[in-house]
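Nothing in this text is a laboratory measurement; each read-out follows from the coordinates by a stated rule. Computed from a prediction, not measured in an experiment: that's the story for all the values here. Cβ placement follows ideal geometry from the backbone for every residue including glycine, while neighbour counts extend to all protein chains displayed.
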Amino acid sequence: MTSSVLTSRTNQFYINGEWRDSDSGETIDITSPYLHEVIGKVQAVTRDEVDNAIQFAHEAQKEWAEKSLQERSTYLYKWADELVRMQDEIAETIMKEVGKGYEDARKEVVRTADFIRYTIEEAQHMNGESMRGDRFPGGSKSKLAIVDRVPLGVVLAISPFNYPVNLSAAKIAPALIAGNAVIFKPATQGALSGTKMMEAMHRAGLPKGLVNLITGRGSVIGDYLVEHKGINMISFTGGTKTGTNLAKKANMIPLVLELGGKDPGIVREDADLHLAAIQIISGAFSYSGQRCTAIKRVLVHENVADELVKLLTEEVAKLSVGSPENGSTIVPLIDDKSADFVQGLITDAIEQGAHLLAGNQREQNLIYPTLLDHVTTDMKVAWEEPFGPVLPIIRVSSDEEAINITNGSDYGLQASVFTKDINKAFAISNKLEVGSVQINGRTERGPDHFPFIGVKGSGMGAQGIKKSLESMTREKVTILNLSE
Ligand code: NAP
Ligand code: G3H
């Protein structure tokens, strides 16, 4: 790790290519989830500043959209290069701000640079189409439609705390390469990392006004941003409650929402149990389960449950617990409130008869990895998203029961199916109401060019590089009426 680069300085917001203090005179303290001290401050911007940022974005967007794809690409490549160059200092900020292990934080930055580069290349291979009128009955050959994609205008990018750089750039990069401008509102706990990412962009010399960083509590400025008439599209990642409220408030504009999940690991009787145990534990507990795609419940066939439980218990015992500075897998949760919530789910399950196999130990916001067996569908932990290190095991007697419990959820992000029978895997996959099914692997978003989809309470629309480019553009048809 590099020497400390983080200061408890007051950070500025970024508007029209300049770093500024807010006229509000107010700042928000950012407290590290494991150092338990203030590591920086961000500006609480005013509504007037939001108005100005959106105005600047519209002005910049007009010129940006006129630039060739090659010119836009040059800027974005520079941004990716700057991120790679700054990877150590950004990783340290991520680690201190959201408590992610240093190596994972560094990988997040490198993954982001790769994401930006792939986005540029994908955009360069997206072509429109043309069609002749006489393909439709009674249509005329003299009509030729040219279908192209055009930018939407100003995209509002709102990101969550858990991938403060990657899930921000995953919105900003496709928006920009497609010719849009961006208003970027990071999670407040995540805004220091978001600011670092913007520093990389500033160094890359992107045109002023094109991306503006707005910091402030979502509860204070969120609705104002979302309802703003100057916003032409919203790309949001965060909790289901926040996303659902946002969808009700937004104007009639395109929305992409990536929300929470309750991904099951379905283990059939014929599964490779060693593989399943390793994948499930890594899927459930990495970054203390603070991933939308974490495996959040196990649905195991009763005939192999005892054996799987033994393997899962052995794997849990291997997890390191402690500080992200030591590369621990289990780290303090983002705040005390989140830890209280997770502890509540654990306590409720135990009180209702779940068998505790590991964990149920807590030091402030550090929750030890907790494994619960004989969880039933009456327990809250069977249905609620903990966003923390607790894994409930529900024993089932058939594939149908596993499918029903999966589909009984309000969420529909991903599911894993562990089986040696590929036909059964597909048969189950076809019946699951989720965006993606992983066969014999843990639930996860990447690689980042795969479509990433949440259904039901897990979202609306799709991410993944090509999908994001499509959602941040619209089709425009120009029809040539040729003389016969
Ligand atoms: P969150 O509390 O919903 O916050 C997400 C973002 O929304 C933050 O930037 C937040 O700002 C902002 N926000 C809050 N109120 C708002 C409002 N009224 N209008 C507009 N924006 C508002 O979620 P989180 O705690 O950061 O992240 C955890 C959740 O995100 C989990 O449920 C997880 O499953 C989900 N998630 C889903 C995906 C996915 O791709 N499916 C990926 C990552 C996370 P403030 O921070 O200032 O409140
Ligand atoms: O938290 C939600 C992220 O989209 C999960 O990404 O599966 O790569 O950890 P990941």
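Values for this structure:
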quantity: Amide proton proximity set for residue 439, modelled H, under 5 Å, gap of 5+; calculated: 417
quantity: Rounded if a/c under 1.5, otherwise prolate or oblate - the stretch 384-484, Cα gyration tensor axes; calculated: prolate
quantity: Backbone HN-Hα couplings from phi across the stretch 161-178 [Karplus 6.51/-1.76/1.60, Hz, Gly and Pro as x]; calculated: 6, 7, 10, x, 9, 4, 6, 7, 5, 5, 9, 5, 4, x, 4, 5, 5, 7
quantity: Cα-derived Rg over Rh, computed across the chain with Rh taken as Kirkwood radius; calculated: 1.00
quantity: Magnitude of the charge dipole, the chain, Cβ model with Lys/Arg +1 and Asp/Glu -1, debye to 20; calculated: 1280
quantity: Prolate/oblate/rounded label for the stretch 263-450 (Cα gyration tensor, a/c 1.5); calculated: prolate
quantity: For the stretch 33-98, the Rg and Dmax computed from alpha carbons only, in angstrom; calculated: 17.3, 48
quantity: Crossing angle, helix 273-285 versus the chain [Cα axis fit, 0-90 degrees, rounded to tens]; calculated: 60
quantity: Rounded to 5, percent antiparallel among DSSP beta bridges of the stretch 363-484; calculated: 40
quantity: For the stretch 407-476 and the stretch 173-239, distance of Cα centres in Å; calculated: 26
quantity: Karplus (6.51, -1.76, 1.60) ³J(HN,Hα), θ = phi - 60°, over the stretch 465-473, in Hz, Gly and Pro reported as x; calculated: 4, 5, 4, 5, 4, 5, 6, 9, 9
quantity: Relative pair counts by distance (%), Cα atoms of the stretch 173-243, 10 Å bins; calculated: 16, 52, 30, 2
quantity: ³J(HN,Hα), Karplus 6.51/-1.76/1.60, whole Hz, each residue of the stretch 302-316, x for Gly, Pro; calculated: 4, 6, 10, 4, 4, 5, 5, 4, 4, 5, 4, 4, 5, 5, 4
quantity: Amide H within-cut-off set for residue 27, under 5 Å, with H built and near neighbours excluded; calculated: 44
quantity: Reciprocal of mean inverse Cα separation for the stretch 320-384 (Kirkwood radius, Å); calculated: 12.3
quantity: Charge sum, other residues only, whose C-beta stays under 9 Å from residue 90's C-beta, Lys/Arg counted +1 and Asp/Glu -1; calculated: -3
quantity: Cross-link pairs beyond the 18 Å C-alpha cut-off, checked among 96/208; 171/262; 262/431; calculated: 96/208; 171/262
quantity: Given charges at beta-carbon only (K, R positive; D, E negative), |dipole| of the stretch 32-148 in Debye; calculated: 580
quantity: Paramagnetic reach from residue 84 in the stretch 441-476 [backbone N under 15 Å; point 7 Å along Cα→Cβ]; calculated: none
quantity: Rounded, prolate or oblate (a/c below 1.5 giving rounded, otherwise prolate when a/b exceeds b/c) for the stretch 107-256 by Cα gyration tensor; calculated: prolate
quantity: Loop sites in the stretch 4-82: GluC sites (Glu not before Pro), DSSP, at most 12 other Cβ within 10 Å; calculated: 37
quantity: Folded to 0 to 90 degrees: helix 102-124 orientation relative to the chain principal axis, Cα; calculated: 40
quantity: Nonlocal amide H pairs with residue 156, under 5 Å, H built at 1.01 Å; calculated: 183, 232, 233, 234, 235
quantity: For the chain, share of DSSP beta bridges that run antiparallel, in % to the nearest 5; calculated: 45
